[in-house]
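Worksheet: the structure to be examined is printed underneath.
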Amino acid sequence: MSTTGLVVDRGLEGVVVGSTVLSNVEGTIGRLTYRGYDMDDLAPNVSFEEVVHLLLYGHLPTRDELDALKHELASRRALPEPLVAAMQSVPKTAWPMDVLRTIVSGLALFSPANNKGEHVSDIHAAIELVAKMTTILASWDRIRRGLEPVEPRADLSHAANFLYMRTGKMPAQIEEAAVNTYLVLLADHSYNASTFAARVTASTRADLYASVTSALATLNGDLHGGAASASYNNLVAIGSPARAEAFVRDELAKGHRIMGMGHREYRVRDPRARHLEAIAQKLSNYRGDTNWYAIARSLEDASNKVLQEAKPDRKIYANVDFYTAPVLADLGLPGDEFTCLFACGRVAGWGAHALEQLHDNRLIRPQATYTGPPPGPFIPIEQRSVALTGT
Ligand code: COA
């Protein structure tokens, strides 16, 4: 409660700020649905393209509708040449999420409608952002390694084309399936922080590029999408499954959080973690030469044990970012690109949420309780001192 009697909800926890038909997170039972379809049914059965259609057009596509969407995605994959040149000109040490955010923002410069200030936000702009983000990520991945970007291929699925653009080689079926399911799992998650940021931006009637740029900036932090990269750093630091418990105890003793554990909404294990764990295990068996999955499994067990001892009244379980780390590590992605691939999935939801916001829009403008000094006299500069400036 503030001094004015208004209730301040720190972090908006439990506050309902809007409605959506796009996805539903049922935190107590651990269920996630996209437009009424349970993630447990979607994850093993659909392509990412079908989920993009479901979120943007409102229903799962027929074969003809899916073909049309795939065609449109493929036709929008290539990047404007100046943006590729821009990536080639930045320091190779640039943080991948900063590059992705900057180049996505730059896409607006190549939209004729935007350049007339018309701020068009429609399904096609949303599809364009879905299509191009994996191209940006794969191109940056190569450029930072001193390689030329690989042109996208129109005949490949979204997942396969991403892997192809990274390596220039056709991915194995198990790798394509892993990326596909990862993108399906990450595509939407109700009013999470980055999606809310996208909706706030859309509510001002800024365009879709602006909304997705806001969302990318918000996803970057390690309490949100940045946890995927941070979680990978933990696997590297642990090095072998036997060291997991000591690592967890050490982290908690230092006052750190275990990345990939805990969730604002889920009071049980994140339903997406189970699907990702299964993928991590399959990829680990397929690779045979890494132990990312074994370390992650051991880290989850150790975290459950130690967090239960340390915070018995909290319900802190593995979230989506936890098994993202072994999955993407076994696919050969560098740890600092994990949050970028998260964004490549979530952009489907960001676009759909921004359009949903615009469909029945009201400017999002909450209130804050003022806790500063009361109104007082203006102080001329010659009379000011450090003591008078306040905080
Ligand atoms: N490791 C250790 N302790 C954790 C924890 C974690 N991963 N997550 C939550 N806690 C503890 C907090 O320290 C706090 O303890 P306290 O009350 O004794 O101080 C308590 O649980 C509640 O934390 P709080 O930050 O208020 O809960 P929240 O609902 O805001 O937490 C997260 C949600 C995601 C911010 C939090 O679980 C977290 O920081 N997780 C790690 C980052 C992560 O994986 N983010 C990706 C989310 S998909």
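Every number here is computed from the coordinates shown, using simple stated rules; none is lab data. In this text, all values refer to a predicted model and were calculated from it rather than measured experimentally. Note that each Cβ is placed from the backbone with ideal geometry, even for glycine, and that neighbours are counted across all protein chains shown.
Going through the cross-link list K92/K254; K92/K282; K70/K132; K169/K282, which pairs have a Cα-Cα distance over 25 Å in this structure?
Listed pairs above 25 Å: K92/K254; K92/K282.
Using unit Cβ charges (K, R positive; D, E negative) and no other charged atoms, how large, in debye to the nearest 20, is the dipole of region 227-330 about its Cα centre? Walk me through the numbers before you get to the answer.
Details: 16 positive and 13 negative charges, 51 e Å.
In debye, rounded to 20, region 227-330 gives about 240.
I'd like the distance between the alpha-carbon centres of region 265-307 and region 207-224, rounded to an integer number of Å.
Spelled out, the Cα-based centre of one part sits 27 Å from the other.
If you find the alpha carbon centre of region 34-48 and of region 330-386, how far apart are they in angstrom?
30 Å
Within region 30-127, report the GluC sites (Glu not before Pro) that DSSP leaves as loop and that have at most 11 other Cβ atoms within 10 Å. Let's see the in-between values first.
On the way: sites: E49, E50, E65, E72, E118; in loops: E118.
Passing sites in region 30-127 are E118.
Please list, in chain and number order, the residues 5+ apart from S23 or on another chain whose amide H is under 5 Å from its amide H, with Hs placed from the backbone.
Correct list: R35, S190.
Quick query: amide H of S121 versus all other amide H atoms, modeled in the peptide plane; which residues come in under 5 Å with a sequence gap of 5 or more or a different chain?
The answer is none.
Ignoring everything except DSSP H segments at least 4 long, calculate the 222 nm mean residue ellipticity for the chain; use -39,500 (n - 2.57) per segment, divide by total residues, nearest 500. Can you show the working numbers first?
Working: 17 runs with 216 residues, N = 391.
Taken over the chain, the calculation gives -17500 deg cm²/dmol.
Let me spell out the model: positive unit charges on the Cβ of Lys and Arg, negative unit charges on the Cβ of Asp and Glu, origin at the Cα centre of the chain. What dipole size does that give, in debye rounded to 20?
My answer is approximately 780 debye.
Of the options L60, A86, A125, report the single residue whose Cα projects farthest towards the positive end of the charge dipole of region 54-171 (beta-carbon charges: Lys, Arg +1; Asp, Glu -1).
Sorting the options by dipole projection puts first A86.
For R31, which sequence-distant residues (separation of 5 or more, or a different chain) have an amide H within less than 5 Å of its own amide H, given hydrogens modelled in the peptide plane?
E26
Hey, got a sec? Which trypsin sites (Lys or Arg not before Pro) in region 97-162 land in a DSSP loop and have at most 12 other Cβ atoms within 10 Å?
Hits after loop and neighbour filter: K116, R145.
Taking the Cα centre of region 227-330 as the origin and placing charges on Cβ (Lys, Arg +1; Asp, Glu -1), which of A253, Y293, Y232 is farthest toward the positive end of the dipole?
Ranked along the dipole, the leading option is A253.
Rounded to the nearest 20 debye, what is the charge dipole size of region 73-137 about its Cα centre when +1 sits on each Lys and Arg Cβ and -1 on each Asp and Glu Cβ?
Magnitude of the dipole: close to 140 debye.
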